[in-house]
Amino acid sequence: MSPKEIKPKEIRNESGIEVKELYTEADVEASGGVNMVGLPGEYPFTRGIHREMYRKRPWTMRQYTGFANAKDTNERFHYLIENGQTGLNVAFDLPTQTGLDTDDPLAEGEVGRVGMAVDTLRDFEIAFDGIDLEKITVSLTINGSAAILIAMYLAMAEKRGYDVAKLRGTAQNDILKEFIGRGTWIFPVEPSIKLVGDTIEYCAKHAPKYSPVSVCGYHIRESGATPEQEMAYAFCIAKAYADDMLKRGLHIDEFAGRLSYNFNIFGNLFEQVAKFRAGRGLWAKIIKEDYGAKDPKSMWMRMIAAGGGGGLTIEQPENNIVRGAYYALISALSGAQTMALCCFDEAYTIPSEYAQRISLRTMQMLIEEMGLCETVDPLAGSYYVETMTNKMRQKMEETMAEVEAEGGIIKMVSEGTIQAKVSAQAYGMQKDLQSGAFPKVGVNCYKTDEEEKEVEFHPYDNRDADQQIENLNKVKAERDQAEVDRTLDQVKADAEAGHNVMPAIVAAVKAYATVGEITSKLVEVYGYYQEPIKF
Amino acid sequence: MNENKIRVLMGKPGLDGHDHGAKVVVRAMMDAGFEVIYTGLRKTPRQIVEAAAKENVDVIGLSSMAGSHIPFCKSLKPLLKEYNLEDKLWIIGGNVPSKDHETLKDMGLDAIFPTGSHFDDIIDYIKSRYRQLA
């Protein structure tokens, strides 16, 4: 079956902007002209944050990886680096992400399943063994328990002899989006934002090259947001963190340069490219005009972009290899700093080495064979792309104004209104997919009766959890318990006093206190988040 | 028997936070006229079964995306007996690969709706089974 043969008279992209059959200079002018275009490396950075972009250095390749335990994950890291990967992007298991130790009853059946299990600093020492942290930058996909894992990363690097003041790396650490999508929250909204603020403030002072937050439109898009909402909501969230910093007395230029973004790519190619170009200009304008930044670096919308999980399908999984290639192409045409592609088997399982290698080769083909690194922002000047860039930017501004009118992003997240809004949209999209109104190849058109080719499943072994518990018990037996108790008490005392808890958490992880022990101390002060259920 | 009175509990067991699927299926069932109670994220098997008993539901639905469906269902099964809910429809949806379907059916799951299932199929199944049970 093919999709409807006759296209409707009016076509709109997912963001609701009409797409015409032809664009001319007049459309560019009518949409606001080219005054936001400029040059790469110059304000407003629509064309890219650097003058030379990929000509100087291609994007960083950073496949999302982690499973079972630190040892197995370390082996996969080395495999990827040997195959040309230039950064790491660490996946943690759900107990680690939600602040539970491996031996917690709530962790049963989940240890090491969707990522690597981490209990103490010892796991970090093993996971990054043999990896040059100056050459390979590490991104930690961690949110609810991010303060603890950032502390572990800094402590591990310091122990290895690196100068923390020069250390680069990224943590996802965007808790506001976890309340909208992805769901690895622990504490209520307000103390959660306070913890993010503590990490930004701590890093600004002690690890100024480290990027403590990567604000994610990605998961909001996966939860049902349109492309323009993905950007607009992410900017609202980033502003909430920035406002918290200003309240602490920091100047925008002291931290904004280390904020980064994580965005999604699936859907219409031109809408995606316009989305990123528009977003770069808008973010630069916000930081310069609304926040008074002077340092151009503060205005950069640095991003990891690609992923595309929501675009991949469980049907005809090999088609996802091709989709991944298009998403990588879009990302390169959009000036991303970093890419991570979801693998073709990822709708089913933890990706195999084979699938990871195909994703890497996809990006390498763009770099080596397709000329994507030779010229900066090659779609600039297209009447269509420039018009769409203007219209997407205007749409994002409208959406941000709507959020303000509703009381701001923190209020909307706390009350569950934004969650209800995107999930209602997700439902509409799902209905369109099921009816065929929204074509999806292999899903609602061009289906096949052939039996699906078997995807190789990543094995899960319960014995890994037993081994991890054994390792944890060994660390507990060897550590200085008095020091653990003292540092944990300090974490609680600092949380109660409203101080920045990062110094105390760093001391606790150095004493080999566990993720669960530190989280429990914070829970004693902050309590747990209660999810608002709204439909 | 009034089908509009079908009561469904949608549970999210375990630590995973991917609730896109659970929420869209809840909306589809509400549109079909069912009364749906959604537990929210991160519930233990006991919390889910307690809620099902308290709300006196006809259907216990689980949504699982992160691969832990077998251990969850294993822990949930004896609780259904304990709470005298063994006669209720017990269904699961999400990232549940076909290689596990037999194990789940053997455990007592009435139906499995993996990723890609249509709303109509889920709703029609519940309605027809409800008619049989009534």
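Every number here is computed from the coordinates shown, using simple stated rules; none is lab data. Quantities reported herein were computed from a predicted structural model and do not represent experimental measurements. Heads up, the Cβs are rebuilt from the backbone with ideal geometry, glycines too, and the neighbour counts pull from every protein chain shown.
Points to keep in mind about this one:
- Considering all different alpha carbon pairs of the range A:93-164, the Kirkwood hydrodynamic radius works out to 12.8 Å.
- Listed cross-link partners A:Lys247/A:Lys297; A:Lys20/A:Lys285; A:Lys177/A:Lys239 are compared with a 24 Å cut-off, the Cα-Cα value being larger for A:Lys20/A:Lys285.
- At R0 = 35 Å, FRET efficiency that the Cβ-Cβ distance of A:Asp489 and A:Glu415 yields, to 0.05: 0.50
- Helical contribution to [θ] at 222 nm, DSSP H n ≥ 4, -39,500 (n - 2.57), averaged over chain A, rounded to 500: -14500 deg cm²/dmol
- Contour minus Cα-Cα distance for A:Val322 and A:Ala497 (0.36 nm per residue): 57.7 nm
- For the range A:408-452 versus the range A:307-322, the spacing of their alpha-carbon centroids is 15 Å.
- Working note: Cα gyration tensor of the protein assembly as shown, eigenvalues times five, square-rooted, sorted largest first, giving semi-axes of 36, 34, 24 Å.
- Computed about its Cα centre, the charge dipole of the range A:136-289 is approximately 380 debye, with only Lys, Arg, Asp and Glu carrying charge at their Cβ.
- Sequence-distant lysines (8 or more away, or on other chains) whose Cα lies within less than 25 Å of B:Lys81: B:Lys5, B:Lys12, B:Lys43, B:Lys54, B:Lys105, B:Lys127
- Residue-wise HN-Hα coupling along the range B:65-82, computed from phi with Karplus coefficients 6.51, -1.76, 1.60 (Hz; x: Gly, Pro): 10, 10, x, 9, 4, 5, x, 5, 5, 4, 6, 6, 3, x, 6, 4, 5, 4
- Whether the range A:454-495 is rounded, prolate or oblate, judged on the alpha carbon gyration tensor where a/c under 1.5 counts as rounded: oblate
- Rg(Cα) / (2.2 N^0.38 Å) computed for the range A:251-340, rounded to two decimals: 1.27
- Inter-site label distance for B:Lys99 and A:Met370 at 7 Å from Cα along Cβ, in nm: 3.1 nm
- The range A:469-526: C-alpha gyration tensor shape, a/c 1.5 cut-off, then a/b vs b/c: prolate
- Overall form of chain B per C-alpha gyration tensor (a/c, 1.5; a/b vs b/c): rounded
- Segment A:Leu106-A:Val441, extension gain: residue separation times 0.36 nm, minus the distance between their alpha carbons: 116.7 nm
- The alpha-carbon atoms of the range B:20-71 define a convex hull whose volume equals 84 cubic angstrom per residue.
- Other residues within the sphere of radius under 12 Å centred on the Cβ of A:Ala234, judged by their own Cβ, net out at +1 (K and R +1, D and E -1).
- Backbone geometry of the range A:121-133 corresponds, through the Karplus equation with coefficients 6.51, -1.76 and 1.60 at θ = phi - 60°, to 3J(HN,Hα) couplings of 3, 4, 5, 5, 4, 6, 4, 9, 4, x, 9, 7, 6 Hz, x marking Gly and Pro.
- The trypsin sites (Lys or Arg not before Pro) of the range A:293-381 that DSSP puts in a loop, and whose beta carbon has at most 14 other beta carbons within 10 Å, are A:Lys294.
- Inter-chain Cβ neighbour count for B:9-18, averaged per residue, equals 6 (cutoff 10 Å, partner chain atoms only).
- Sparse packing (at most 16 other Cβ atoms within 10 Å of the Cβ) combined with a DSSP loop state is found for the following trypsin sites (Lys or Arg not before Pro) in the range A:14-111: A:Lys20, A:Arg51, A:Lys56.
- In this label model, A:Lys166 and B:Lys5 are separated by 7.5 nm, measuring between points 7 Å along each Cα→Cβ vector.
- For A:Ile505, A:Ile175, B:Ile37, order by how many other beta-carbon atoms lie within 10 Å, fewest first: B:Ile37, A:Ile175, A:Ile505
- The protection proxy used here, the mean number of other Cβ atoms lying within 10 Å of each residue, ranks peptides A:205-213, A:397-405 as follows, highest first: A:205-213, A:397-405.
- Size descriptors for the range A:213-271 (Cα atoms only): Rg and Dmax, in that order, 13.2, 42 Å.
- Peptide B:22-28 is shielded by partner chain Cβ atoms: per residue, an average of 6 of them sit within 10 Å of its Cβ.
- Proximal aspartates and glutamates relative to A:Lys205, as straight alpha-carbon distance under 12 Å, when same-chain residues fewer than 8 apart are discounted: A:Glu254
- The modelled label-to-label distance between A:Tyr79 and B:Lys54, using points 7 Å beyond Cα along the C-beta direction, is 4.5 nm.
- Counting, for every residue in A:525-531, the Cβ atoms of other protein chains within 10 Å of its Cβ and taking the mean gives 2.
- Pairwise centroid distance, computed over Cα atoms, of the range A:205-280 with the range B:72-97, Å: 40 Å
- Divide the volume of the convex hull around the Cα atoms of the range A:356-470 by the residue count and you get 299 Å³ per residue.
- Efficiency of FRET between A:Asp132 and B:Leu133 - r from beta-carbon atoms, R0 60 angstrom, step 0.05: 0.40
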